[in-house]
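The structure under discussion appears below in the form of structure tokens.
The values are calculated or read from the model by the stated rules, or taken from the named source; none is laboratory data. Worth saying up front: this structure is predicted, and the values here are computed from it rather than measured. For neighbour counting, all protein chains shown are included, and Cβ atoms are generated from backbone atoms with ideal geometry for every residue, glycine included. Remember, those area values only see protein heavy atoms, side chains included, never the ligands or the DNA or RNA. Shrake-Rupley method; radii C 1.70, N 1.55, O 1.52, S 1.80 Å.
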Amino acid sequence: MHISNISEVFETLEHSKFQNHTFLQEKSKNISYKQLLNDVNKLCSYFQKNDLKPGDKIILSTTNDYYTALFFIAFLKYGIVTVFLDPEVQSERAKAIIKKSEVNGFVMDVALFTSRHIDSDNAALFHLKIHEERQKKGKLLNRLLKQKKTITPETKSTFPSILDTVTASHKPLIKIPPSHLAYIIFTSGTTAAPKGVRITHENLLTHLHTLTKAYHLDHEARILNILMLYHADGCIQGPLLTLFNQATWVRPFTFDVSNIESLFNAIYKYRVTHFITVPTVLSFMEKFKDSYEDSFQTEDFKCVISVASKLEEKLWYDFEAIFKTQIINVYGLTETVAGSLFCTINPPCKKGTIGLPIDCKAKIITENGVEAKANEEGVLWLKGNHIFKGYLNDEEATKAILQEGWLITGDIAVRDTKGFYKIVGRTKNTINAGGINVYPEQVTEMINTNPKILESICLGIPDTNFGEKLVSAIVTKPNITLEKTELIAFLRPLLEQSQIPKDVFFFETLPKGLSGKIQTNEVLKLIISQRKNIKTDTLNETHQHIIKASASEAFGVAIDKITMMDTSKSLEGWDSMGHLIFITSLEQQFGIQFSTSEMMTINSLKTTEAILSQKLKDV
Amino acid sequence: MYHWLFNKFGEKMANILIVIWYLFLLALIVLFSPHPDGRFKYLAW
Amino acid sequence: MNILLILIGFCIPALILSWRLPEKLQFIPVVLVTIIFLFYKSPLSLLLLGLSCIINYHVLKYMPSVTAATLVVVLQMCFIFLFFKLDYAVCFNVSQSSILPLGLSYYSFRQIHYAIEAYKKQLPKHTFLDYVNYLFFLPTLLVGPINRFQTFIKDYNRRRWDNRLFSMGLERILYGLTKITFLGNYIITRKLNTFISSISDDYLWGSTYLKIVSFFANSYIQFSGYSDVAIGLSLLFGFKVMENFNYPFLATNIADFWKRWHISLSDWCKDYIFFPFLSITRNAKLSILISMITLGLWHEISIRYILWALLHALAINIWYKYENSFLQKKLDHIPLLKKGLGIFITIHFVMFSFVIVSENTLNESLEVFKTLLVLNI
């Protein structure tokens, strides 16, 4: 089945035997394809009634996941260009995005109309307010008394109430040509000048085919994707990829470190087959794995798909070893819809790389502007039908990134002799913190508006959980003190959560080059040296070695067979007697004494290490 | 049990045999349930 | 058999409702059915379980000192347990018979486990309702296993309909019932025992030997059969409860035996008796002794169970001494003999030790030993 037009997706669905199949699995509610289709058709009639035309650009901004998916899908069918605007975006940037995209209308949560000062009386523009249905208490009682839904005038003209006023129309819709714009996502650029990535129907459909192929998806797939829907990896690899395969999208909750247990449980509970996520989440799962090691050992589960940022080799190997599962590593940009190169499982690719390009061409261009040989570094260029059509109303930026049909990714890569690509660095000044791109210039721009600050610079430093984290180096005006908390409070209304610096360092001056520009690398060195003075809390290699050696002696296992991942279950000789020998041996070597509860808690080498490092710190 | 039968005799035969096996066990239970209870004393009730 | 059928009968409506109701309400019928069952079979047990459940959860949650809270809970559970085990209940007219309140041995140990895990800060996030669900879970209420709270909550949170689990559960119940009715009740209790008593006194040694084999075999088959039913029922509800037996007759040494026989109890003793004592005394021999005595007294508070425990503790200590000995290393060259010999010695030691507790008085046990050792001729 080769789908080349979005209308075919809906045609096959109309005649599909999977209409009762679940499209979206939420925590306590399922949305079937039948309902989705019905809602989409009703929305399309509503658009017709309101004289919307294919090609119109409409801002979409709601916190409800199903509504986001529903409107995106309905817009695609009707030919409307979705302009994604994260409901979390601060009003300054929202204003700039709205102005830049010259939209024809808004579909937003009621609250956002007020906070963003959108004048909903402007007759020239289409407005639809999303009014989340309140928790209807006493629903049963209402039904018993046969009360009708109470519609206040306030909710009458809002979504989803308006769905009751229209019937699904059978008026044929205009067939959307492939070159037509599908959606716009704003990514980079400064707050004042946001850059909107324009993706066409052709880009999108081509890429959905590629993703389907790379992940081996079909209608039986149950895709767990809890990423943010206003990023390409959320909306494209979530609802859209699901719809394209008539599969099921599992989204019982959004990610939060406190519900990591639910995440483990979700794999079995919702019969997940594909888990699409970012390395940060994998790193948290690796950290909180205790007693959840078997989570991926279900009959249904196929693979983890890591997107959005670099998957560190160590995490990759550890994760696969602990959970006995496999990871597909994806490389892509918003400009390439979602992916481009894939380190797939079948056929197998070399771990630690981004694998091979699928349905596209890749080349590496060296500093000298020629194609790199094997193992030679250079900038990665990509070409294919999924490459975007340029930034919205920004010729200059487009020219800088698109040359003769090639997309210049800005990432530095090498290709090994077998043809596998690997990312080794980047030329653009971006920080990837847990899969979210942060542009330090945007943050610096806002920090500098603080009257107490003389100059500042923001940059990324390595972080074990997030890969990188945003920090800022600041010089305050003479004789003025500024607290970190005060600065953060100042920034909150101006920036998104991900853009708030995670750490602030104060300096007398910042190192500058001849041109007077602040030298990022020098600042980085200063920050790292300042941090070193504060703390070093990880146990060094020798401590791990002592733990392993003691374990080897106590449990009678060869030392090269022991890893830090071992537990009392995985080590054959770890019985009550071995436990005592192990504990006393560690006590002697480190000159410490374990308490009763500590002795009882030690059930793996990792917990041993954690308790030991805590004890040594206390000593 | 089923896996063992499956590997030994193939799917179709395994399906038949497992049903026979279960029926046989059921028959044993029904047939011998009137016999005196030789319960281990420390089942703790 | 009777009580087992009633148990299964009670589980059926709870089972159907627990899979048909909306997710939030699924466990209410299970708890309700457990309450009704206990009310019908042993109201005293219901009262004890209900009160201790409410008190323990709240003491552990709201008492400022975790150590004190844990002590309160553990002492309270020990008191209740000993009160009934030592027959004070009859003395004080709380209970008419010396039979324990239904399931007390299991739920008191579960609650001590919960308290100590709370002390170790190893409990996952949970509510009072989760704790109620854990304690009022009918399948494992009567015959164990002494399953752990953490795994129960994990299974509870990821519970979903699973064909494979359900059919595994049905099969398990079938096997359990066959073990109890056919192998245990018919073959051993009726056929084998009749045969043994028909053996003439000329073959006293043979009949005595067969008698202890039959006692051990019956204990194993009955107990593991009941465990099979409990585990099978749990599987029907979507819970993978820990195994209680792992072919104990194949154990190659006495330490191995205790990892295969009544696993949930021996694990409990290891975690909550052995380790704490080990960390306080730093003496493994003593800790093993105390663990084994607890394990013995769990069955019955009596001199013979203390003797039985001493014997096992001694055996385990001897095994650890012998494990790295010259003789054992020699045997490494003939693995088959080493394994065979290990199994033979272990099973015989276990069977012989059961003589102490299988006879009515210690004198009778002594007579049996005399016969076995050919000392009474």
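Odds and ends about this structure:
- A probe of 1.4 angstrom, applied to the heavy atoms of all protein chains, finds residue A:56 with accessible area near 30 square angstrom.
- Cα-projected label distance for residue C:88 with residue A:132, points at 7 Å along beta-carbon direction, nm: 5.5 nm
- Once the gyration tensor of the Cα atoms in the stretch C:248-372 is diagonalised, the equivalent ellipsoid follows with semi-axes of 24, 21, 13 Å, ordered largest first.
- A run of chain C free of exposed loop cleavage sites, with chymotrypsin sites (Phe, Trp or Tyr not before Pro) counted only in DSSP states other than H, G, I, E and B and at most 15 other beta carbons within 10 Å, reaches its longest extent at C:162-377.
- For the stretch A:429-495, GluC sites (Glu not before Pro) meeting the loop criterion (DSSP other than H, G, I, E, B) and having at most 13 other Cβ atoms within 10 Å: A:483.
- Dipole magnitude for the stretch A:461-619: computed about the Cα centre from +1 point charges on Lys and Arg Cβ and -1 point charges on Asp and Glu Cβ, it is near 740 debye.
- The stretch A:241-255 - phi-based ³J(HN,Hα) in whole Hz, Karplus 6.51/-1.76/1.60, Gly and Pro as x: 4, 5, 4, 4, 9, 6, 9, 10, 9, 9, 8, x, 6, 9, 5
- Gain in span if fully extended, residue A:175 to residue A:477, counting 0.36 nm per residue against the direct Cα distance: 102.6 nm
- Reach of residue A:517 by Cα under 28 Å, taken over lysines that are not fewer than 8 positions away in the same chain: A:195, A:399, A:428, A:452, A:469, A:477, A:484, A:502, A:525, A:532
- Summing Lys and Arg as +1 and Asp and Glu as -1 over all other residues whose Cβ lies under 12 Å from the Cβ of residue A:273 gives a net charge of -1.
- Rounded to the nearest 10 Å², the accessible area of residue C:41 at probe 1.4 Å: 80 Å²
- 10 Å binning of all Cα-Cα separations within chain C, expressed as whole percents from 0 upward: 5, 20, 30, 27, 14, 5, 0, 0
- Residue A:455 long-range amide H proximity, modeled H, under 5 Å: A:475
- Using a simple spin-label model with pseudo-atoms 7 Å out from Cα toward Cβ, residue A:5 and residue A:164 lie 3.7 nm apart.
- Label positions at residue C:324 and residue A:27, each projected 7 Å from the Cα along the C-beta direction, are separated by 5.4 nm.
- Once the Cβ-Cβ distance of residue A:541 and residue A:95 is raised to the sixth power relative to R0 = 51 Å, the FRET efficiency obtained is 0.45.
- MRE, 222 nm, helices only [DSSP H, n ≥ 4, -39500 (n - 2.57), over chain C, to nearest 500]: -22500 deg cm²/dmol
- R0 of 45 Å, Cβ-Cβ distance residue C:259-residue A:418: FRET efficiency to nearest 0.05: 0.40
- For residue A:23, the amide hydrogen comes within under 5 Å of the amide hydrogens of A:31, A:32, A:33, counting only partners 5 or more places away or on other chains and with H modelled in the peptide plane.
- Cα radius of gyration and Dmax for chain A (Å): 27.0, 83
- Summing charges over all other residues whose Cβ lies under 14 Å from the Cβ of residue C:310, with Lys and Arg as +1 and Asp and Glu as -1, gives +2.
- Extension gain for the segment residue A:529 to residue A:361, taken as residue separation times 0.36 nm less the Cα-Cα distance, is 56.2 nm to one decimal.
- For the protein assembly as shown, average projected area of the Cα convex hull in nm²: 53.3 nm²
- Rounded to whole Hz, the Karplus (6.51, -1.76, 1.60) HN-Hα couplings of the stretch C:201-206, x for glycine and proline: 4, 5, 10, 4, 4, x
- Antiparallel bridges, percent of DSSP beta bridges restricted to chain A (to nearest 5): 55 percent
- Listed residue (C:252, C:296, C:322) projecting farthest to the positive dipole end of the stretch C:248-372, Cβ model: C:322
- Modelled FRET efficiency - R0 35 Å, residue A:569 with residue C:286, Cβ distances, 0.05 increments: 0.85
- Under the shape rule built on the C-alpha gyration tensor, where the axes satisfy a ≥ b ≥ c, the stretch C:2-158 is oblate, since a/c reaches at least 1.5 while a/b does not exceed b/c.
- Max mean-square fluctuation residue, GNM over chain C, Cα-Cα springs under 10 Å, options C:113, C:312, C:348: C:348
- Taking amide hydrogens as placed 1.01 Å from N in the peptide plane, the amide H of residue C:245 sits under 5 Å from those of C:263, each at least 5 positions away in sequence or on another chain.
- Using the rule -39500 (n - 2.57) for each DSSP H run of four or more residues, divided by the residues of chain A, the 222 nm mean residue ellipticity is -10000 deg cm²/dmol.
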